[in-house]
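J.: One structure follows; several queries about it will come next.
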Amino acid sequence: MKQKVIIWLSLILLLVVVAFMVKDFFYQPKSSNENPYEYKMDKLRHIDSSLITYIEVHQIKPDIEVLHGIVIDKSDNIYLAGKDRVMIYDFELNLKTSFKIGIEAKCIAVGDDSKIYLGVNDHVEVYDNIGTKLKSWSPINVKSVITSIALSEKYVYVADAGNRIVYQYDTEGTLQKEIGKKNPEKGIQGFIIPSPYFDLLIGREGELWVVNPGRHQLESYNEKGDLISSWNKTSMDVEGFCGCCNPSNIAMLSDGSFVTSEKAIERVKIHLPSGEFKCVVASPDKFVEGTHGIDLAVDSKDRIYVLDPEKKMVSIYVKKK
């Protein structure tokens, strides 16, 4: 008798489970066709206004068909590069000069001698400040995708997203060494570069800072290629970075704080030298959704320049008073 009761209870339980399964498969509520992640993304894109401590004060709208890179020299002249053209503005945002280059530059750097270094697909080209090509460096290999260039007193550092490595050149274009190759004995994890966003800059003490975007990490190296330090901030919240590869671009303020931009959740933030989140410069509502490649620069007054490739303009931000 007891065994029959158990069998009947088991059958009833089975029927209940089947009923719930049928309901799930055939009687979905009307809202089931909605994207369950849409609300989550909207929530991530919302920024508490108390965290936004900068305000946009000026815009530059250059006559460049495709806008990729920005850099500011020691005299606060602003250099913009993109498809077929370099444009140079002074601190007051007056156009000083513009010249065609006949190529599409993906990134730009300027030396103290006013030489302009352009990343052109798989190699670097060097120009003077009136548009004369001085030199074209040899590409490393067919995989090279140059995404960023930074200049120290002695060296030119080139980020190659295709080969996932940073090259150190002398100023004449002779390769000196590779930096960032995986080396567990030296604590170097190796760069993870899922997409062509791989930025670098020179810090206040002449150290090299490189974004390791697949790890949501910034790493500093000395000129010998030794890893000095690193910091990592992986988080879905505004305090960190998320997605396949962020931050996408960086710049540095005079106190050593980092200005960072992101893709997927388009925003510009400031992190302290230690990596701790400080504030927001530009929230996602300042950008067209899907914008990527938001390049950054900082002048001697700590004004922050945000290059928007979708709107084809540069916005200039200052701290709120």
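J.: Can you spot a residue in the range 117-126 that is in a loop (DSSP other than H, G, I, E, B) and either surrounded by 15 or more Cβ atoms within 10 Å (Cβ to Cβ) or out of contact with any Phe, Trp or Tyr (no Cβ under 7 Å at 6 or more places or on another chain) (or both)? It would help to see each step written out before you state the result.
T.: Restricting attention to the range 117-126, the residues satisfying the condition of being in a loop (DSSP other than H, G, I, E, B) are 121-122.
Remaining after also requiring either surrounded by 15 or more Cβ atoms within 10 Å (Cβ to Cβ) or out of contact with any Phe, Trp or Tyr (no Cβ under 7 Å at 6 or more places or on another chain) (or both): 121-122.
Within the range 117-126, one or more residues are in a loop (DSSP other than H, G, I, E, B) and either surrounded by 15 or more Cβ atoms within 10 Å (Cβ to Cβ) or out of contact with any Phe, Trp or Tyr (no Cβ under 7 Å at 6 or more places or on another chain) (or both).
J.: Now for a different question. For the range 246-263, enumerate the residues that are surrounded by 20 or more Cβ atoms within 10 Å (Cβ to Cβ) and of a type in the set (D, E, K, R).
T.: Glu262, Lys263
J.: Looking at Phe99 and the list (1) under 29 Å from Asn141 (Cβ atoms); (2) surrounded by fewer than 22 Cβ atoms within 10 Å (Cβ to Cβ); (3) hydrophobic (A, V, I, L, M, F, W, C); (4) at pLDDT 95 or above, which single condition is not satisfied?
T.: Only one criterion is unmet by Phe99, namely (1).
J.: Within the range 61-72, is even one residue farther than 21 Å from Thr291 by Cβ and modelled with pLDDT of 95 or more? Walk me through it before giving the result.
T.: Restricting attention to the range 61-72, the residues satisfying the condition of being farther than 21 Å from Thr291 by Cβ are 72.
Subsequent filtering for residues that are modelled with pLDDT of 95 or more retains 72.
Yes: the range 61-72 contains one or more residues that are farther than 21 Å from Thr291 by Cβ and modelled with pLDDT of 95 or more.
J.: On to the next question. Please return the ranges of strands (runs of 3 or more DSSP E) entirely within the range 181-270 where 2 or more residues are of a type outside the set (A, V, I, L, M) and more than 25 Å from Lys286 (Cα to Cα). Steps first, answer last, please.
T.: Details: elements: 200-202, 208-212, 217-221, 227-232, 249-252, 258-261.
Output list reads 208-212, 217-221, 227-232.
J.: Being crowded, with 19+ Cβ neighbours inside 10 Å, part of a strand (DSSP E or B) and out of contact with any Phe, Trp or Tyr (no Cβ under 6 Å at 6 or more places or on another chain) is true for just one of Val314, Val281, Val318, Val306. Which residue is that?
T.: On the way: Val314 fails: out of contact with any Phe, Trp or Tyr (no Cβ under 6 Å at 6 or more places or on another chain); Val281 fails: out of contact with any Phe, Trp or Tyr (no Cβ under 6 Å at 6 or more places or on another chain); Val318 fails: crowded, with 19+ Cβ neighbours inside 10 Å.
Among Val314, Val281, Val318, Val306, only Val306 is crowded, with 19+ Cβ neighbours inside 10 Å, part of a strand (DSSP E or B) and out of contact with any Phe, Trp or Tyr (no Cβ under 6 Å at 6 or more places or on another chain).
J.: Looking at Gly190, Gly203, Gly173 in this structure, which one is surrounded by fewer than 23 Cβ atoms within 10 Å (Cβ to Cβ), within 22 Å of Asn141 (Cβ to Cβ) and within 20 Å of the chain's Cα centre (by Cα)? It would help to see each step written out before you state the result.
T.: Details: Gly203 fails: within 22 Å of Asn141 (Cβ to Cβ); Gly173 fails: within 20 Å of the chain's Cα centre (by Cα).
After applying the criteria, what remains is Gly190.
J.: Oh, and also: Enumerate the pairs (first residue in the range 125-137 and free of Cβ contacts under 8 Å to residues at least 24 places away in the same chain; second residue anywhere and in a loop (DSSP other than H, G, I, E, B) and of a type outside the set (D, E, K, R)) with beta-carbon separation below 7 Å, excluding pairs fewer than 6 apart on the same chain, so at least 6 apart or on different chains.
T.: Between residues of the range 125-137 that are free of Cβ contacts under 8 Å to residues at least 24 places away in the same chain and residues that are in a loop (DSSP other than H, G, I, E, B) and of a type outside the set (D, E, K, R), the close pairs are Asp128/Ser114.
J.: Exactly one of (1) under 19 Å from Val71 (Cα atoms); (2) without any contact (Cβ under 8 Å) to a residue 40 or more places away in the chain is unmet by Lys143. Its number?
T.: Going through (1) under 19 Å from Val71 (Cα atoms); (2) without any contact (Cβ under 8 Å) to a residue 40 or more places away in the chain one by one, Lys143 breaks only (1).
The values are calculated or read from the model by the stated rules, or taken from the named source; none is laboratory data. Predicted model, so just to flag it, every value in this text is computed and none were measured. Heads up, the Cβs are rebuilt from the backbone with ideal geometry, glycines too, and the neighbour counts pull from every protein chain shown.
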